[in-house]
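Only one structure is covered here, and it is reproduced in the block below.
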Amino acid sequence: MAASPLDRLVIAKPDDWHIHLRDGAMLRAVLPYTAAQFARGIIMPNLVPPVTSVEAASAYRDRILAALPEGQSFTPLMTCYLTDATSPDEIERGFREKVWIAAKLYPAGATTNSHAGVTDLGNIAPVLERMERIGMPLLIHGEVTDPAVDIFDREAVFMETKLLPLLARHQGLKVTVEHATTAEILDVVRAHAPRVAATITPHHLVINRTHIFQGGLRPHLYCLPVAKRERHRLALRKAATSGESCFYLGTDTAPHPVGAKESACGCAGVFCGPTALQTYVQVFDEEGALDKFEGFASLNGARFHGLAPNAETITLERRPCRVVSCVAVDETEVVVFRGDETLPWTIGSA
Ligand code: DOR
Ligand code: ZN
């Protein structure tokens, strides 16, 4: 990493290990923002219908590549959406054919388009055994779905009742705990590293649960897992900036049309793609950890997934910048996380 002085960072181009790109007009509208910041990205499979077959993943990858504007490059890394009916042979075929690099576990009903997800982990035991055998990572949305469990406790209860037993049953399975939001789950990840890792989003580093209600209801700060208490936010900042290689970047950028967010029953998801790196680098700067930024953003995730870091570089500069506040999609728009702010860091030219 070259840094001279510390108001300019040149690092290997980062990857985003958790992205919702959607499809069609939304895909075309949001993809350029992700491709401007990231060289590669893990693409979430929660489309309607979900991406559950090798053919569907391959076709979706083609649509993403076709939506990329001229002059931009980006490598989509595909995932398989696990259901109760997923076959171990299909999982292995997609992995061996290099169509997908991981499988995504949505507990059925946990979040947007997860109703086709897994109802009981016992139903996918043969799939997990096969993944363990072939070295294919499992990406987990770690929340229980029982409506009787308080929404702020769903990650913690998942950790105790599902994650820890799963890690004990499958001691060789590579697992990423996605969008970690609690201090306790970070310690579980540490205790099981390096075969277990966690991604951390930009928004969970800067908001706690009170921000969602600050001066009125803020639908654009609502996502799942929902932001937790301040002590958890501080633990996330400590973990992300610690230099520990089990923590790496995953934005969970999740665009929804403004009407679906500002609604009587608003969708979960924060559209942070256009401001992700600016937010992350600001956090590392505030924590006095700019020297740890390249590891978190560009090295740790690639190492976990057995890939080389990107040869291309990106420059981040301490220079105030106003970013777009909304992205137009058809007749509507998507509101950008922190899009109404002047951000202290800017993505430079080369
Ligand atoms: O807030 C979220 N939005 N969390 C998820 O897990 C899914 C995502 C989406 O697809 O909108
Ligand atoms: Zn997500």
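Would you mind listing the helices (runs of 4 or more DSSP H) fully within the range 200-297 where at least 2 residues are within 16 Å of ligand 1 (Cβ to nearest atom) and surrounded by fewer than 17 Cβ atoms within 10 Å (Cβ to Cβ)?
258-261
Looking only at the range 77-93, count every residue that is in contact with a Gly (Cβ under 7 Å, 6 or more places away or on another chain), more than 12 Å from residue 50 (Cβ to Cβ) and polar (S, T, N, Q) and tell me the total.
Total meeting the criteria: 0.
Open to solvent by 50 Å² or more (accessible area, probe 1.4 Å) and outside any helix (DSSP H, G or I): which single residue out of 180, 148, 191 fits that description?
Just one listed residue meets the conditions, 148.
Does any residue of the range 98-111 turn out to be in contact with an Asp or Glu (Cβ under 6 Å, 6 or more places away or on another chain) and open to solvent by 10 Å² or more (accessible area, probe 1.4 Å)?
There is at least one residue in the range 98-111 that is in contact with an Asp or Glu (Cβ under 6 Å, 6 or more places away or on another chain) and open to solvent by 10 Å² or more (accessible area, probe 1.4 Å).
Can you tell me which residues in the range 151-175 are open to solvent by less than 20 Å² (accessible area, probe 1.4 Å), more than 15 Å from residue 120 (Cβ to Cβ) and in contact (Cβ under 8 Å) with a residue 40 or more places away in the chain?
Selection gives 155, 170, 173.
Counting only residues that are within 16 Å of ligand 1 (Cβ to nearest atom) and open to solvent by less than 10 Å² (accessible area, probe 1.4 Å), which one in the range 119-144 is nearest to residue 226 (Cα to Cα)?
Of all residues in the range 119-144, those within 16 Å of ligand 1 (Cβ to nearest atom) come to 138-144.
Narrowing the set further to residues that are open to solvent by less than 10 Å² (accessible area, probe 1.4 Å) leaves 138-143.
Details: 138: 21, 139: 18, 140: 15, 141: 12, 142: 12, 143: 10 Å.
For the range 119-144, the residue satisfying everything is 143.
Looking only at strands (runs of 3 or more DSSP E) that fall completely inside the range 3-114, which ones have 1 or more residues that are within 14 Å of ligand 2 (Cβ to nearest atom) and in contact with a helix residue (DSSP H, G or I) (Cβ under 9 Å, 6 or more places away or on another chain)?
The strands (runs of 3 or more DSSP E) meeting that bar are 16-19, 40-43, 75-81, 100-105.
Out of curiosity, is residue 64 closer than 30 Å to residue 331 by Cα and open to solvent by less than 10 Å² (accessible area, probe 1.4 Å)?
The answer is yes for residue 64.
Tell me which of these residue 130 doesn't satisfy, since it passes every other one: (1) under 19 Å from residue 171 (Cα atoms); (2) at pLDDT below 95.
(2)
The values are calculated or read from the model by the stated rules, or taken from the named source; none is laboratory data. Given the structure is predicted, the values throughout are model-derived calculations rather than measurements. Here the Cβ is made from the backbone with ideal geometry for all residues, glycine too, and neighbour counts use every protein chain on show. Surface areas here come from the heavy atoms of the whole protein model, side chains and all, with no ligands, DNA or RNA. Shrake-Rupley method; radii C 1.70, N 1.55, O 1.52, S 1.80 Å.
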